[in-house]
Amino acid sequence: MRLTQLESLPRPVRAIGTLVEAAILLYGLGVTGYLVARVATGERWAWVAFANNFVPWWALGALIAAALALFSPRRWPLIALLAPAIVAFVVLYGPLIVPRSLAAEGGGNPGAPLRVATYNTLSIRSNPARVVDAVAALDADLVGLQEFGPHHADLLAERLGAEYPYRSLHPLLPVHGVGLLSRYPIREAEVIRLLPDSMLSLRAVVEIDGAPVTVFVTHPSPPVNAFSPLTYDSTRRDREIGVLLADHLDGIAGPLIVVGDFNMTDQSDTYRAVDARLDDAFRAAGRGMGFTYPATLKGALRIVGGLVRIDYIWHNAHFTALDAWPGPDGGTSDHRPVVAELAWTDMETREK
């Protein structure tokens, strides 16, 4: 729209246009400032750590703002200001939104893939029957459970006992319980706490295709003031994940699978610490944003499935991820389960 055309519009319309331009300008400056602070400081500032959780949404806001800027006579400066957020999204999430082959890379392994799932059941605040239905629908060989309560344990054993003859279930209210369902023999199982008062984690050794596979089910603490940009604090979560890596995972050379609600997104510094040691199955083989929390969104927001991805299936180099996806039904939990199909990297890894 040319400036002369803009001046011919009614004054209220011009005022609205000016306000929209100002909003776009402030949004662009704010998001660009966040990206600069992120590069310069990491997560030393609370508001940067908080903002890291919502990178896809900042980019969506920039895209919408850029579309609105097309109607402004100052469109190109405004769009240029929004470009860093859009480019950052493409760089960070491009591999998840482009087509990816699902061809198995299992080194000639003719067997069916190992299907692994993780599911935060929300303990006493979820419907046990609906949770059991959701678990059954996953059709997974291994299911790691967090926030696991006694009613869930009893009903799972009753209804899915034949499907999962091997179980290590440790319900503990209100949200501290943990469990593992397996179609393969569980040879060892040990409940641990990453810190003295942490929620329960579980270390198990499962015999899969004749090989011992270490399986961890874990649930680090959520950040304190998780919805407050200025007082957001992930210190405890980061400590727990640091203990998990240093004291429990770093010494494992054999096949390893780690699942759980990690209460972190894939843009956090702590995620990068885990990703340096293990492979994120969804990042390797999933599509889309894979949001898992909260699964309780209403109305049109249900389409996106959640606002953040905080539930993970990790594995080491003994496995390759073939596919990964969030389950469609949270079963009245506030988390969607996550499923991944894994293949042995090669036949030799089974024997090590």
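The values are calculated or read from the model by the stated rules, or taken from the named source; none is laboratory data. Treat the numbers as computed from the prediction; the structure is a model and nothing was measured. Cβ placement follows ideal geometry from the backbone for every residue including glycine, while neighbour counts extend to all protein chains displayed.
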Q | Every pair of residues 6+ apart whose Cβ atoms lie under 6 Å, when the first sits in segment 14-43 and is farther than 14 Å from residue 74 by Cβ and in contact (Cβ under 8 Å) with a residue 12 or more places away in the chain while the second is charged (D, E, K, R) and in a helix (DSSP H, G or I) | A | 42/269; 43/269
Q.
Looking at the structure I just gave you, is residue 270 within 13 Å of the chain's Cα centre (by Cα), buried (at least 21 other Cβ atoms within 10 Å of the Cβ), over 21 Å from residue 207 (Cβ atoms) and not aromatic (Phe, Trp, Tyr)?
A. yes
Q | Set 67, 62: member being surrounded by 15 or more Cβ atoms within 10 Å (Cβ to Cβ), in the same structural domain as residue 25 (by TED's automatic domain parsing) and either more than 30 Å from residue 263 (Cβ to Cβ) or among the aliphatic types (A, V, I, L, M) (or both) | A | 62
Q) Got a number for residues in segment 32-55 being under 16 Å from the mean Cα position of the chain (by Cα) and among the acidic types (Asp, Glu)? A) 0
Q) Within segment 125-156, which residues are loosely packed, with under 15 Cβ neighbours inside 10 Å and more than 24 Å from residue 341 (Cα to Cα)? A) 125, 129, 154
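Consider residue 313 carefully, then state whether it is touching a helix residue (DSSP H, G or I) at 6+ places or on another chain (Cβ under 6 Å), β-branched (Val, Ile, Thr) and either over 16 Å from residue 219 (Cα atoms) or in a strand (DSSP E or B) (or both).
Values: touching a helix residue (DSSP H, G or I) at 6+ places or on another chain (Cβ under 6 Å): yes; β-branched (Val, Ile, Thr): yes; either over 16 Å from residue 219 (Cα atoms) or in a strand (DSSP E or B) (or both): yes.
Yes.
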Q) Do you know which residues across segment 93-120 are of a type in the set (A, V, I, L, M, F, W, C) and at pLDDT 95 or above? A) 114, 116, 117
**Q.** Filter result (more than 19 Å from residue 176 (Cβ to Cβ), in contact with a helix residue (DSSP H, G or I) (Cβ under 7 Å, 6 or more places away or on another chain) and buried (at least 18 other Cβ atoms within 10 Å of the Cβ)) within segment 201-244
**A.** 232, 234, 238
(Q) Can you pull out every residue in segment 183-231 that is in contact (Cβ under 8 Å) with a residue 24 or more places away in the chain and within 21 Å of residue 163 (Cβ to Cβ)? (A) 183, 184, 187, 202, 204, 206, 208, 209, 213, 215, 217
Q | Search result, residues across segment 289-314 that are farther than 20 Å from residue 133 by Cα and in contact (Cβ under 8 Å) with a residue 60 or more places away in the chain | A | 289, 290, 307, 308, 312, 313
Q | Within segment 203-257, considering residues that are hydroxyl-bearing (Ser, Thr, Tyr) and more than 21 Å from residue 190 (Cα to Cα), the one nearest to the chain's Cα centre (by Cα) | A | 234
